[in-house]
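Student: Sharing a structure with you now.
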Amino acid sequence: MRKKIVAGNWKMNTLPAEGVELAKGVAAGRSEVCSCVNFIVCPPFTHLSQVIETLKGTDIAVGAQDCATEAKGAYTGEVAASMIAALGCEYVILGHSERRQYYGETSETLNKKMAQAYANGLKPIYCVGESLDERKAGKHFDVCKQQIEEVVFNLTEEQFADLVIAYEPVWAIGTGETATAEQAQEIHAYIREVLASKFGAAAAECPILYGGSCKPSNAAEIFAKEDVDGGLIGGAALKAEDFLAIGKGF
Ligand code: PGA
(Lines give C-alpha, C1' and ligand atoms only; values in the text may rest on other atoms or scores of the structure.)
Protein backbone atom coordinates (compact mmCIF):
# COMPACT_ATOMS: atom_id res chain seq x y z
CA MET A 1 0.00 0.00 0.00
CA ARG A 2 1.41 3.35 -1.04
CA LYS A 3 1.38 6.25 1.40
CA LYS A 4 -1.45 8.76 0.93
CA ILE A 5 -0.04 12.26 1.28
CA VAL A 6 -1.52 15.75 1.38
CA ALA A 7 1.31 18.29 1.49
CA GLY A 8 0.84 22.04 1.84
CA ASN A 9 3.30 24.31 0.06
CA TRP A 10 2.79 27.67 1.73
CA LYS A 11 5.27 29.33 -0.66
CA MET A 12 6.16 32.92 0.37
CA ASN A 13 2.98 33.40 2.38
CA THR A 14 2.15 33.92 6.08
CA LEU A 15 4.01 35.88 8.72
CA PRO A 16 5.28 33.74 11.60
CA ALA A 17 2.22 34.34 13.80
CA GLU A 18 -0.11 33.58 10.90
CA GLY A 19 1.79 30.40 10.13
CA VAL A 20 1.45 29.25 13.72
CA GLU A 21 -2.31 29.94 13.60
CA LEU A 22 -2.63 28.02 10.35
CA ALA A 23 -0.72 25.06 11.79
CA LYS A 24 -2.93 25.14 14.90
CA GLY A 25 -6.00 25.09 12.68
CA VAL A 26 -4.75 22.07 10.77
CA ALA A 27 -3.90 20.26 14.00
CA ALA A 28 -7.30 21.09 15.50
CA GLY A 29 -9.25 19.55 12.61
CA ARG A 30 -6.89 16.71 11.83
CA SER A 31 -8.92 14.05 13.66
CA GLU A 32 -11.83 14.61 11.25
CA VAL A 33 -9.71 13.18 8.45
CA CYS A 34 -8.74 9.51 8.04
CA SER A 35 -5.56 8.70 9.95
CA CYS A 36 -4.47 6.95 6.74
CA VAL A 37 -3.71 10.38 5.25
CA ASN A 38 -0.22 11.74 5.93
CA PHE A 39 -0.31 15.52 6.24
CA ILE A 40 2.80 17.61 5.64
CA VAL A 41 3.06 21.41 5.89
CA CYS A 42 5.90 23.36 4.28
CA PRO A 43 6.14 26.90 5.75
CA PRO A 44 8.77 29.51 4.87
CA PHE A 45 12.19 29.04 6.52
CA THR A 46 11.57 31.90 8.95
CA HIS A 47 8.89 30.07 10.88
CA LEU A 48 9.80 26.43 10.39
CA SER A 49 10.84 26.05 14.01
CA GLN A 50 7.73 27.73 15.40
CA VAL A 51 5.49 25.55 13.26
CA ILE A 52 7.42 22.42 14.28
CA GLU A 53 6.96 23.43 17.92
CA THR A 54 3.23 24.02 17.34
CA LEU A 55 2.79 20.60 15.74
CA LYS A 56 4.71 18.63 18.36
CA GLY A 57 2.69 15.66 19.54
CA THR A 58 0.60 15.57 16.34
CA ASP A 59 1.17 13.31 13.32
CA ILE A 60 1.53 16.29 10.98
CA ALA A 61 5.01 16.42 9.44
CA VAL A 62 6.90 19.54 8.46
CA GLY A 63 8.97 20.20 5.36
CA ALA A 64 11.06 23.04 3.97
CA GLN A 65 10.48 24.48 0.50
CA ASP A 66 14.09 24.29 -0.66
CA CYS A 67 17.65 23.72 0.56
CA ALA A 68 21.13 24.77 -0.52
CA THR A 69 23.31 22.90 -2.98
CA GLU A 70 26.28 23.08 -0.59
CA ALA A 71 26.81 21.71 2.92
CA LYS A 72 27.96 24.98 4.55
CA GLY A 73 30.21 27.96 4.11
CA ALA A 74 30.30 31.28 2.32
CA TYR A 75 26.94 31.15 0.51
CA THR A 76 25.16 34.29 1.65
CA GLY A 77 21.42 33.89 1.97
CA GLU A 78 21.35 30.13 1.55
CA VAL A 79 19.93 27.61 4.04
CA ALA A 80 21.71 24.27 4.41
CA ALA A 81 19.89 20.95 4.56
CA SER A 82 21.65 20.26 7.88
CA MET A 83 20.08 23.42 9.37
CA ILE A 84 16.63 22.39 8.24
CA ALA A 85 17.10 18.85 9.53
CA ALA A 86 18.35 20.15 12.89
CA LEU A 87 15.01 21.92 13.41
CA GLY A 88 13.16 18.64 13.10
CA CYS A 89 11.98 18.86 9.51
CA GLU A 90 11.28 15.57 7.80
CA TYR A 91 10.79 16.66 4.18
CA VAL A 92 12.10 19.18 1.66
CA ILE A 93 10.44 20.24 -1.59
CA LEU A 94 12.99 20.25 -4.43
CA GLY A 95 12.67 21.26 -8.06
CA HIS A 96 9.43 23.20 -7.75
CA SER A 97 8.64 24.83 -11.10
CA GLU A 98 8.84 28.28 -9.51
CA ARG A 99 12.43 27.51 -8.47
CA ARG A 100 13.23 26.13 -11.92
CA GLN A 101 11.59 29.08 -13.68
CA TYR A 102 12.51 32.10 -11.50
CA TYR A 103 15.77 30.95 -9.94
CA GLY A 104 17.24 28.98 -12.81
CA GLU A 105 17.37 25.61 -11.11
CA THR A 106 18.55 22.85 -13.40
CA SER A 107 19.05 19.14 -13.04
CA GLU A 108 22.65 19.88 -12.12
CA THR A 109 21.57 22.12 -9.23
CA LEU A 110 18.94 19.63 -8.18
CA ASN A 111 21.33 16.69 -8.08
CA LYS A 112 23.38 18.63 -5.53
CA LYS A 113 20.31 19.57 -3.48
CA MET A 114 19.08 15.99 -3.50
CA ALA A 115 22.48 14.81 -2.27
CA GLN A 116 22.38 17.38 0.55
CA ALA A 117 18.84 16.39 1.50
CA TYR A 118 19.67 12.70 1.74
CA ALA A 119 22.97 13.30 3.51
CA ASN A 120 20.96 15.03 6.23
CA GLY A 121 18.09 12.57 6.47
CA LEU A 122 15.51 14.76 4.72
CA LYS A 123 13.00 13.12 2.40
CA PRO A 124 12.71 15.03 -0.87
CA ILE A 125 9.42 15.86 -2.52
CA TYR A 126 10.76 16.15 -6.06
CA CYS A 127 8.60 18.16 -8.47
CA VAL A 128 8.29 17.60 -12.19
CA GLY A 129 5.92 19.01 -14.79
CA GLU A 130 5.59 20.67 -18.16
CA SER A 131 4.78 24.21 -19.22
CA LEU A 132 1.73 25.10 -21.27
CA ASP A 133 3.76 25.30 -24.49
CA GLU A 134 5.28 21.91 -23.82
CA ARG A 135 1.83 20.42 -23.16
CA LYS A 136 0.44 21.98 -26.36
CA ALA A 137 3.35 20.56 -28.32
CA GLY A 138 2.66 17.13 -26.85
CA LYS A 139 6.01 17.09 -25.08
CA HIS A 140 4.70 16.58 -21.53
CA PHE A 141 5.74 12.94 -21.33
CA ASP A 142 9.27 13.68 -22.54
CA VAL A 143 9.71 16.66 -20.20
CA CYS A 144 8.72 14.66 -17.12
CA LYS A 145 10.84 11.71 -18.23
CA GLN A 146 13.89 13.92 -18.63
CA GLN A 147 13.38 15.65 -15.26
CA ILE A 148 13.25 12.20 -13.65
CA GLU A 149 16.07 10.56 -15.59
CA GLU A 150 18.50 13.42 -14.97
CA VAL A 151 17.92 13.51 -11.21
CA VAL A 152 15.97 10.60 -9.74
CA PHE A 153 17.93 7.99 -11.73
CA ASN A 154 21.06 9.05 -9.84
CA LEU A 155 19.58 7.87 -6.53
CA THR A 156 20.40 4.59 -4.88
CA GLU A 157 17.57 2.12 -4.24
CA GLU A 158 17.72 3.01 -0.57
CA GLN A 159 17.36 6.71 -1.32
CA PHE A 160 14.57 6.09 -3.79
CA ALA A 161 12.56 4.37 -1.05
CA ASP A 162 12.31 7.75 0.75
CA LEU A 163 11.37 9.79 -2.32
CA VAL A 164 8.02 11.46 -2.98
CA ILE A 165 7.31 12.76 -6.48
CA ALA A 166 4.93 15.61 -7.27
CA TYR A 167 3.62 16.02 -10.79
CA GLU A 168 2.73 19.68 -11.21
CA PRO A 169 1.81 20.92 -14.67
CA VAL A 170 3.06 24.52 -14.69
CA TRP A 171 -0.10 25.68 -16.49
CA ALA A 172 -2.23 24.51 -13.58
CA ILE A 173 -0.22 26.11 -10.76
CA GLY A 174 -2.02 29.05 -9.17
CA THR A 175 -4.08 29.53 -12.33
CA GLY A 176 -7.32 27.98 -11.15
CA GLU A 177 -6.98 25.58 -14.05
CA THR A 178 -6.65 21.94 -13.01
CA ALA A 179 -5.56 18.93 -14.98
CA THR A 180 -8.50 16.59 -15.41
CA ALA A 181 -8.41 13.44 -13.33
CA GLU A 182 -7.78 11.53 -16.58
CA GLN A 183 -4.86 13.75 -17.57
CA ALA A 184 -3.37 13.31 -14.10
CA GLN A 185 -3.79 9.53 -14.16
CA GLU A 186 -2.30 9.27 -17.65
CA ILE A 187 0.91 11.04 -16.72
CA HIS A 188 1.18 9.59 -13.21
CA ALA A 189 1.00 6.09 -14.70
CA TYR A 190 3.65 7.09 -17.21
CA ILE A 191 5.91 8.51 -14.49
CA ARG A 192 5.56 5.26 -12.56
CA GLU A 193 6.56 3.33 -15.68
CA VAL A 194 9.66 5.50 -16.08
CA LEU A 195 10.52 4.92 -12.41
CA ALA A 196 9.98 1.17 -12.84
CA SER A 197 12.42 1.08 -15.76
CA LYS A 198 15.14 2.01 -13.26
CA PHE A 199 13.92 0.87 -9.85
CA GLY A 200 11.69 -2.10 -10.78
CA ALA A 201 9.03 -3.16 -8.30
CA ALA A 202 9.98 -0.34 -5.88
CA ALA A 203 8.27 2.10 -8.26
CA ALA A 204 4.93 0.68 -7.13
CA GLU A 205 5.67 2.03 -3.63
CA CYS A 206 6.63 5.58 -4.60
CA PRO A 207 3.95 8.15 -3.76
CA ILE A 208 3.20 10.40 -6.76
CA LEU A 209 1.28 13.55 -5.79
CA TYR A 210 -0.69 15.82 -8.09
CA GLY A 211 -0.25 19.58 -7.77
CA GLY A 212 -1.85 22.51 -9.53
CA SER A 213 -5.03 24.23 -8.34
CA CYS A 214 -6.02 21.21 -6.30
CA LYS A 215 -8.89 22.17 -3.99
CA PRO A 216 -11.68 20.60 -1.93
CA SER A 217 -14.03 20.52 -4.93
CA ASN A 218 -11.72 18.53 -7.22
CA ALA A 219 -9.48 16.54 -4.87
CA ALA A 220 -11.70 13.48 -4.50
CA GLU A 221 -12.01 12.94 -8.25
CA ILE A 222 -8.27 13.28 -8.81
CA PHE A 223 -7.27 11.21 -5.76
CA ALA A 224 -9.61 8.41 -6.88
CA LYS A 225 -7.28 7.63 -9.76
CA GLU A 226 -5.09 4.61 -9.31
CA ASP A 227 -1.69 6.28 -9.65
CA VAL A 228 -2.51 9.51 -7.82
CA ASP A 229 -1.41 9.21 -4.19
CA GLY A 230 -2.35 12.65 -2.96
CA GLY A 231 -1.59 16.28 -3.61
CA LEU A 232 0.91 19.08 -3.25
CA ILE A 233 -1.31 22.00 -2.43
CA GLY A 234 -0.47 25.69 -2.81
CA GLY A 235 -3.27 28.25 -2.49
CA ALA A 236 -5.75 25.93 -0.80
CA ALA A 237 -3.18 25.00 1.87
CA LEU A 238 -3.38 28.51 3.30
CA LYS A 239 -6.79 27.84 4.85
CA ALA A 240 -6.82 25.04 7.40
CA GLU A 241 -10.40 24.17 6.54
CA ASP A 242 -9.68 23.76 2.81
CA PHE A 243 -6.44 21.90 3.40
CA LEU A 244 -8.20 19.41 5.67
CA ALA A 245 -11.14 19.11 3.28
CA ILE A 246 -8.69 18.07 0.55
CA GLY A 247 -7.53 15.28 2.89
CA LYS A 248 -11.13 14.11 3.07
CA GLY A 249 -10.93 13.56 -0.70
CA PHE A 250 -9.46 10.09 -0.04
P1 PGA B 1 -1.51 25.81 -6.35
O2 PGA B 1 0.05 25.50 -6.20
O3 PGA B 1 -2.23 24.75 -5.58
O4 PGA B 1 -1.69 27.18 -5.77
O5 PGA B 1 -1.82 25.75 -7.81
C6 PGA B 1 0.53 24.18 -6.18
C7 PGA B 1 2.03 24.19 -6.08
O8 PGA B 1 2.69 25.01 -6.74
O9 PGA B 1 2.62 23.38 -5.33
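The values are calculated or read from the model by the stated rules, or taken from the named source; none is laboratory data. Predicted model only: the values in this text are computed from it and were never measured. Here the Cβ positions follow ideal geometry from the backbone for every residue, glycine too, while neighbour counts run over all protein chains shown. These area figures cover heavy atoms from the full protein model, side chains too; ligands, DNA and RNA do not enter into them. Shrake-Rupley method; radii C 1.70, N 1.55, O 1.52, S 1.80 Å.
Student: Take D162 and T175, extend 7 Å from each Cα along the Cα→Cβ direction, and tell me the distance between the two endpoints in nm.
Tutor: 3.5
Student: Taking 0.36 nm per intervening residue step and subtracting the Cα-Cα distance, what contour gain separates F153 from E21 on full extension?
Tutor: Numbers: separation 132, 0.36 × 132 = 47.52 nm, distance 3.91 nm.
Full-extension gain reported as 43.6 nm.
Student: When we measure straight from the Cα of K123, which lysines land under 16 angstrom away, once same-chain ones fewer than 8 places off are left out?
Tutor: Cα-Cα hits under 16 Å: K3, K4, K112, K113.
Student: When Lys and Arg each count +1 and Asp and Glu each count -1, what net charge do the other residues less than 13 Å away from K139, Cβ to Cβ, add up to? Could you put the intermediate results ahead of the total?
Tutor: Working: positive: R135, K136, K145; negative: E130, D133, E134, D142.
For residues surrounding K139, the net value is -1.
Student: Sticking with this one: For A184, what charge total do you get from the other residues with a beta carbon under 10 Å from its beta carbon, if Lys and Arg give +1 and Asp and Glu give -1? Please report the intermediate quantities before stating the final value.
Tutor: Working: positive: K225; negative: E182, E186, E221, D227.
Net charge around A184: -3.
Student: Over the residues of the chain, compute the C-alpha Rg and express it relative to 2.2 N^0.38 Å. Walk me through the intermediate numbers first.
Tutor: Numbers: Rg = 16.7 Å, N = 250, 2.2 N^0.38 = 17.9 Å.
Expressed relative to 2.2 N^0.38 Å, the Cα Rg reads 0.93.
Student: Now for a separate question. When the chain is modelled as a GNM with alpha-carbon springs shorter than 10 Å, which of G73, G200, G29 fluctuates the most?
Tutor: Most flexible of the set in this elastic network: G73.
Student: If you don't mind, another one. Taking 0.36 nm per residue of sequence separation and subtracting the Cα-Cα distance, how much length would be gained by fully extending the chain between A28 and A74, in nm to one decimal?
Tutor: 12.4 nm
Student: Continuing with the same structure: Per 5 Å bin from zero, what fraction in whole % of the C-alpha pairs of segment 165-239 is there, up to the bin with the longest pair?
Tutor: 3, 18, 29, 24, 13, 8, 4, 1
Student: Give the calculated FRET efficiency between K239 and L132 to the nearest 0.05, with a Förster radius of 25 Å applied to their Cβ-Cβ distance.
Tutor: In this case the efficiency is close to 0.40.
Student: Taking θ as phi - 60°, what are the ³J(HN,Hα) couplings along segment 68-75 by the Karplus curve (6.51, -1.76, 1.60), each to the nearest whole Hz, with x for Gly and Pro?
Tutor: 6, 7, 10, 6, 5, x, 7, 10
Student: Next question. So for the chain: antiparallel DSSP bridges make up what percent, rounded to the nearest 5? Write out the running numbers ahead of the final one.
Tutor: Details: 0 of 27 bridges.
So the antiparallel bridges amount to about 0 percent of the total.
Student: Karplus couplings for segment 32-40 from phi (6.51 cos²θ - 1.76 cosθ + 1.60, θ = phi - 60°), rounded to Hz, Gly and Pro as x?
Tutor: Per-residue couplings from phi come out as 7, 10, 3, 5, 6, 8, 8, 8, 9 Hz.
Student: For every other residue with a beta carbon closer than 12 angstrom to the beta carbon of Q50, add +1 if it is Lys or Arg and -1 if Asp or Glu, then tell me the sum.
Tutor: On the way: positive: K24, K56; negative: E18, E21, E53.
Counting the neighbours of Q50, the net charge comes to -1.
Student: Of the heavy-atom accessible surface of segment 28-74 (probe 1.4 angstrom), what whole percent is carbon and sulfur? Spell out each step's value before the answer.
Tutor: On the way: 1090 of 2130 Å².
On segment 28-74, the fraction of accessible area on carbon and sulfur atoms equals 51 percent.
Student: Calculate one ³J(HN,Hα) per residue across segment 80-88 by plugging θ = phi - 60° into the Karplus curve 6.51 cos²θ - 1.76 cosθ + 1.60, and present them in order as whole Hz with x for glycine and proline.
Tutor: Rounded to whole hertz, the list is 6, 4, 5, 5, 5, 5, 5, 6, x.
Student: Subtracting the Cα-Cα distance from 0.36 nm times the residue separation, let me have the gained length for A189 to A115 in nm, one decimal.
Tutor: Values: separation 74, 0.36 × 74 = 26.64 nm, distance 2.63 nm.
Taking 0.36 nm per residue and subtracting the Cα distance, the gain is 24.0 nm.
Student: L94's amide H: which non-local residues (gap 5+, or another chain) put their own amide H closer than 5 Å, with H modeled 1.01 Å from N in plane and none for Pro or chain starts?
Tutor: I125, Y126, C127
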